[in-house]
Every structure is written in C-alpha cells, then in structure tokens.
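Below: one structure, written as structure tokens.
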Amino acid sequence: MRSLIRRVLLHPRLHIGLVIVSVVTVLPALAAGWIGDDWIHRAVLGSHEPFGDVDPVRDLFQFMSPGQHNDSLSSVGLIPWWADPEVRSTFFRPLSSLTHMLDQALWPHSAVLQHLHSLVWGALMVWCGLRLMREEASTPLAAGLAALCFALEDSHTTALTWLANRNALITTTCAILSVHAFVRWRKTGAWRMWAVSMGVLVVGLGTGEAALGACAWMAARVLTQERPRAWASLAGPVVIVVVWRLLYDVWGYGAFGSGVYVDPGASPLRFLGLLMERWPILAGGVLFSAPIDVWIVLPTAERMIMALMGTVGVAGFGVLAWPTLRARPAARTAALALALILVPLVATAPMDRLFAFASLAGALLLAELVAHERLLDAPLVDQEPASWSPRTWLVAALLLMGSLVSGAARPLRCAALPLAAKVFEVGADTAPRDAAVGDRTMVFVHANVFASVYTYVKRSVPPHDHGRPGGIALLASGWDDVIVTREDASTLVLTPARGFLARPLAQLFRDPVARPFVEDERIEHYGMAVHVRSVTEDGRPAVVAFHFADPLEDETHRQFVTLTLDGVVPWAPPAIGESVVLSGML
C-alpha cells in the first residue's frame with residue numbers, strides 16, 4: 001500500500017488528479033442554492049431595498065457602517081435595539097465583488113452556474129498549492145503529500161458551498177501565487193519574480209484581508225531559512241501592507257463596535273486580549289480538524305474551556321513535532337507560517353472556513369512530520385505497524401484525519417451546509433405571509449438575529465419577494481430561555497436566563513466589553529421604547545422592558561411572532577401581570 005501511495009504522490013501528473021479529486025468531492029455544492037449572506041448580495045446586486053443605493057464594487061461586503069448605511073438598515077429594523085450606534089463591519093474586497101457582478105451579468109438566476117464558478121476557483125487554488133509545495137517541501141514525496149492533504153481539506157467546503165465566502169478561495173489563490181513568486185525570487189535572485197510577488201500581493205489585498213497571510217508565510221520563510229541580513233527582503237511586503245492599511249482606514253473600511261469583529265488597527269488592546277482566547281482555538285482547529293464553529297453560540301465559560309483545550313492541544317502537538325522542527329527547515333517554516341497566518345484571523349469569530357490558506361501551512365507541517373517519521377519511505381514497506389513507536393502512531397493518526405477522513409467529510413459537509421443554514425433562513429421560509437404583513441412590523445419576541453433579518457432581506461429578492469413585512473424588530477436572541485412578563489397593556493418585560501448578549505452571535509452588533517450597558521439606560525428603537533432595568537456584572541442587559549405606543553393586542557401596525565421548532569409562528573402576549581417562558585434553541 002505504501003509503495004502505491006509513493007507512486008501516486010510522485011507521479012508527474014499528480015496536479016491533474018488532485019484537481020479532479022478536489023472538485024469531485026464537493027460536487028454536492030452545486031445543489032446548495034443561495035445561503036445566508038448570499039441573499040444580501042443578491043439584494044445589493046439587484047438594487048432591492050434597503051440596499052438600492054449600495055455600490056456593489058466598493059461595498060458588496062459592507063454589512064454595517066455608521067451614517068447613511070446604518071440609517072437605511074435601521075429604517076426597516078435590520079439593526080437590533082442593542083446595537084452600538086457606531087458599529088461598523090465593512091470590508092475591502094472589490095475584486096472579489098467583481099466575480100459576483102460577473103455572475104449577476106451572465107447567469108443571475110442560476111445558482112448552479114454560480115457555484116460552478118466557485119469550484120473553478122477552488123480547483124485553481126489546489127493547483128497553485130501543489131506548485132508552492134514543490135518549492136517549499138523538503139522532498140518531492142512530502143510535497144505531494146502536503147498537496148494531497150490540502151486538496152482533501154474539509155474546511156474548504158464552506159467557501160466552496162457558500163457563494164458569499166468565495167472571496168476566501170480567490171484570496172488564498174492570490175496568496176499562494178504571491179508566496180510562490182517570493183520563494184522563487186529568494187532561490188534564484190530573479191527580480192522579476194519579486195515584482196510578480198508584490199503585484200499579486202496587491203491584487204490579493206483587493207480580494208480580501210486574508211491575503212495578509214502571504215506576508216506571514218514570507219516572513220516565516222525568511223526567519224527560518226535565511227540569515228538575519230536577509231530580513232531586508234521583507235521591506236516590500238511591509239510597505240505594501242502599511243499603504244494598504246492607511247488606504248483601508250481613509251476609505252472607511254474596518255470593524256468597530258462589534259463583539260465578533262475586532263479590528264486590530266482600531267482596537268489594538270482589545271485585539272491582543274482576544275488573541276489569547278481565539279488563537280489557540282484556531283490553531284487547534286487546523287492541527288486536529290477540531291469542530292470549532294460551535295464557538296459562535298457558546299457562553300463565556302464554555303468558550304474559555306474551548307480556549308484551554310486548544311492551548312493544551314497545541315502544546316501537545318509542539319512536543320510531538322519538536323524532533324521534526326529541529327531537523328527540517330521546511331517544517332519550521334510551515335509551523336511559523338501557520339502561527340503567523342492565524343494572528344489576523346483572530347479579528348473575527350473562530351470558524352474553520354477561515355482556514356483556506358492556513359490549511360496549506362498545516363498540510364506542509366503534517367507532511368514534514370510524516371516524512372521525518374519515514375512512514376512512507378521504502379525501508380518501512382515491510383515493517384509491521386506493531387513495531388511502531390507511540391509517536392509514529394500519533395503521526396499516522398494525524399495523517400489519517402488530515403487525508404482520508406477529511407476527504408470523506410467534504411461531500412457530507414457540502415450537503416449539510418444548506419440544511420444548517422435553515423436555522424438562519426427559517427423566518428423567511430415560515431413566517432406569516434398574509435395580505436396585511438406588508439403594512440405591519442413583524443416583532444420577533446424570541447429568535448436568532450439572522451432569522452429575523454433574513455425574513456426581510458430574503459423576501460426582498462425575487463422569486464421570494466412577496467410577504468415581506470413592513471419592517472422587523474427583535475426583542476431577545478433565541479438561544480436561551482427567556483421569561484416574558486406583561487407589565488401593563490403596552491409593556492413587555494424580558495428576562496433571559498443568561499442575560500442579553502450572552503453568546504457571541506448576539507454580540508455581532510455590540511461589544512459589551514468595550515461599550516457596556518448601564519442600569520436605567522433608555523433607547524428609542526423602531527416604534528418602541530426600550531428600558532434597560534438592570535445589567536449583569538459584565539455590562540450586559542439582564543432585564544429589559546419594551547413599551548409600545550398601542551396596546552399589545554392591537555395588530556394594526558405590528559404582529560408578534562416567535563421562533564419555535566416548527567418555525568416562526570404568531571405569538572399572543574399573556575394577560576397583564578402574567579409571565580410565560582419561551583424556550584431557547586440551546
């Protein structure tokens with residue numbers, strides 16, 4: 001078996017096989033349709049309200065921005081009452097936006113062709129990855145194995161299945177090409193390769209912020225394989241990043257006021273604090289294929305446990321890999337590149353869809369471990385596994401996880417993603433559509449924030465553009481149980497079991513650490529007066545009263561609904577002085 005694997009990995013046409021395998025294993029993505037933020041993109045590209053004035057080239061990835069944009073979203077209730085008035089979440093990805101505009105121009109109503117477009121980028125990414133591995137790996141066998149693991153990496157499936165995340169494939173392709181040209185320059189001294197590397201880096205930064213990972217890999221290579229005097233070779237990437245960051249700020253891009261997105265340029269101290277929590281989780285996700293996406297819905301204590309587990313796992317991996325790191329420069333480059341690539345990713349919630357480029361460094365590190373352990377070398381062909389050391393068994397287990405298991409998971413994850421996305425689109429699919437809905441605000445008493453937002457957004461886009469409410473309002477996030485008390489004819493008092501904003505997903509619109517609530521704070525929001533009656537020790541609302549202008553039974557201008565296991569259903573307020581408990585999803 002090992003002889004066969006060697007022949008495959010050393011085959012001169014390996015690139016063709018890897019591209020085919022990488023595409024075939026994600027073919028279920030073609031049936032995924034549009035998911036989540038795809039509906040926002042379709043609304044922007046189709047000039048549907050409230051996104052009619054958004055420039056799709058410049059601002060397709062502008063989700064929140066103080067001023068006109070946030071005012072437009074607030075005019076129909078798409079920003080919840082707890083949002084920071086200055087919240088910003090807008091990203092500079094004009095070149096990625098152009099690929100979506102191409103889809104809109106050529107096949108606007110064909111999700112299949114739009115997904116096929118993404119698969120082409122995924123195939124190109126894999127091909128480029130093999131080219132870089134042949135430059136960076138210590139042996140041709142290690143290069144082939146790293147490329148195989150990269151081609152079978154299951155964390156790529158989100159970008160391949162979710163059209164709005166296509167930018168990750170494009171950005172990673174550009175990052176790989178930039179690093180490849182940089183390595184060629186360092187090996188040959190050909191300045192044209194330096195010019196290509198810097199040019200592609202500039203293009204990559206126009207496709208997505210994750211192109212910064214290319215600079216991380218360049219730095220890792222110079223620091224681990226060259227003398228200190230070669231550090232000057234990093235001047236080009238440094239200048240480009242500094243200029244890019246200055247323009248990024250001047251043009252109004254970045255993140256501010258969000259508990260999920262934390263811009264290191266705007267909030268460096270907050271970013272450093274999150275680095276201690278999020279980096280070990282990200283590293284553990286790459287090294288062990290850990291299911292880290294659950295972080296976004298975990299309360300604080302569970303997130304800290306997750307960070308601790310990541311720290312222990314990374315430390316254990318370091319012990320396992322230490323002999324390889326000492327012996328192989330390529331392994332040291334891969335390890336440092338991985339560590340540095342993950343740093344800017346701390347700026348958002350830990351999710352394995354962020355691993356597109358980091359997974360290539362992880363694949364190279366794994367391949368160097370396997371090569372150093374001589375698992376696939378000819379002298380071991382007749383050696384029985386019973387004689388393997390514990391270290392060899394652990395490396396073999398990691399190889400199994402990073403190749404066969406990961407590859408087998410790819411089609412399953414592609415098929416599962418649209419089903420998981422139903423959690424966020426259930427409002428649009430099940431909320432009332434009667435004739436009067438367009439004249440009323442749909443008040444979600446208890447639901448996840450995206451279920452409420454996409455009820456409006458998805459119903460703004462053909463062929464779903466019927467039954468759109470006049471606006472939406474969300475009282476409490478639906479992850480935890482909440483006690484709803486009717487205080488008088490027009491007032492509801494909500495007391496969630498863990499307080500408001502207990503989970504990161506609700507903190508997308510406000511960072512309670514940087515901007516805590518205070519007791520007796522009052523907010524006027526989309527037809528209701530919000531009164532924060534008490535707060536938790538960490539500055540989150542604990543008890544909040546919502547006062548409406550009309551009696552709660554008056555459905556002339558609004559309709560109460562709540563999210564249940566059966567979807568979004570009408571909700572009737574309790575009698576005055578009575579309370580009900582609405583069950584959370586978790």
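Bear in mind that the values in this text are calculations on the coordinates, not laboratory data. These numbers come from a predicted model, not from an experiment. Ideal geometry is used to build each Cβ from the backbone, glycine not excepted, and the neighbour counts take in all protein chains shown.
Sparsely packed loop sites in segment 484-586 (the GluC sites (Glu not before Pro) outside DSSP H, G, I, E and B with at most 14 other Cβ atoms within 10 Å) comprise E519, E537, E553, E555, E578.
Axis angle, to the nearest 10 degrees, between helix 268-288 and the longest C-alpha principal axis of the chain: 60 degrees. Restricting segment 151-239 to GluC sites (Glu not before Pro) that sit in a DSSP loop and have at most 14 other Cβ atoms within 10 Å of their own Cβ leaves E226. Spatial offset of segment 18-77 relative to segment 465-507 amounts to 25 Å, using the alpha carbon center of each. Taking the Cα centre of segment 431-582 as origin and assigning +1 to Lys and Arg Cβ atoms and -1 to Asp and Glu Cβ atoms, the resulting dipole is close to 560 debye. Counting Cα-Cα pairs of segment 431-582 in 10 Å increments starting at 0 gives whole-percent bin shares of 11, 41, 36, 12, 1.
Each Lys and Arg contributes +1 and each Asp and Glu -1, all at the Cβ; summed about the Cα centre of the chain, the dipole is approximately 3120 debye. Sorted ascending by nearby beta carbons within 10 Å, beginning with the fewest, K458, K187 become K187, K458.
Report, in debye and to the nearest 20, how large the dipole of segment 49-201 comes out about its Cα centre when Lys and Arg carry +1 and Asp and Glu carry -1 on their Cβ.
Values: 10 positive and 12 negative charges, 201 e Å.
Charge dipole, segment 49-201, about its Cα centre: 960 debye, nearest 20.
Cα gyration tensor of segment 256-306, axes a ≥ b ≥ c as square roots of the eigenvalues: rounded (a/c below 1.5), prolate (a/b > b/c) or oblate? Don't skip to the end; give the middle numbers.
Working: a/c = 2.17, a/b = 1.61, b/c = 1.35.
Note, shape of segment 256-306 comes out prolate.
Taking the charge dipole of segment 461-586 about its Cα centre, with +1 at Lys and Arg Cβ atoms and -1 at Asp and Glu Cβ atoms, the residue from G499, V484, A575 reaching farthest to the positive side is G499.
Here R486, R278, R192 are placed in order of increasing Cβ neighbour count within 10 Å, fewest first, which gives R192, R486, R278.
Projecting the Cα atoms of A431, F91, T324 onto the charge dipole of the chain (Cβ charges, centred on the Cα centre) puts T324 farthest toward the positive pole.
For segment 313-413, take N as its residue count and report Rg(C-alpha) divided by 2.2 N^0.38 Å.
Values: Rg = 14.9 Å, N = 101, 2.2 N^0.38 = 12.7 Å.
Taking N as the residue count of segment 313-413, the ratio is 1.17.
When the alpha-carbon atoms of the chain are used, the pair Rg, Dmax equals 25.4, 83 angstrom.
The long axis of helix 111-136 is offset from the longest Cα principal axis of the chain by roughly 30 degrees.
So what is the calculated 222 nm ellipticity per residue for the chain, using -39500 (n - 2.57) for each DSSP H run with n of 4 or more, over all residues, to the nearest 500 deg cm²/dmol? Could the numbers behind the result be given before it?
Numbers: 20 runs with 290 residues, N = 586.
The helix-only estimate for the chain comes to -16000 deg cm²/dmol at 222 nm.
Axis angle, to the nearest 10 degrees, between helix 406-430 and the longest C-alpha principal axis of the chain: 10 degrees. Ordered by the number of other Cβ atoms lying within 10 Å of each residue's own Cβ, fewest first, I296, I20 fall into the sequence I20, I296.
Projecting the Cα atoms of W82, W251, A363 onto the dipole axis of the chain, where Lys and Arg carry +1 and Asp and Glu carry -1 at the beta carbon, places A363 farthest toward the positive end. Per the Cα gyration tensor, segment 1-81 maps to an equivalent ellipsoid with semi-axes of 47, 13, 12 Å, ordered largest to smallest. Kindly identify segment 216-293 as rounded, prolate or oblate by the Cα gyration tensor criterion: order the square roots of the eigenvalues as a ≥ b ≥ c, call it rounded if a/c is under 1.5, otherwise compare a/b with b/c, prolate if a/b is larger, else oblate. It is oblate, given that a/c is not under 1.5 and a/b is not larger than b/c. Taking every alpha-carbon pair in segment 163-280 and binning the separations at 10 Å intervals from zero gives 13, 38, 35, 13, 1 percent.
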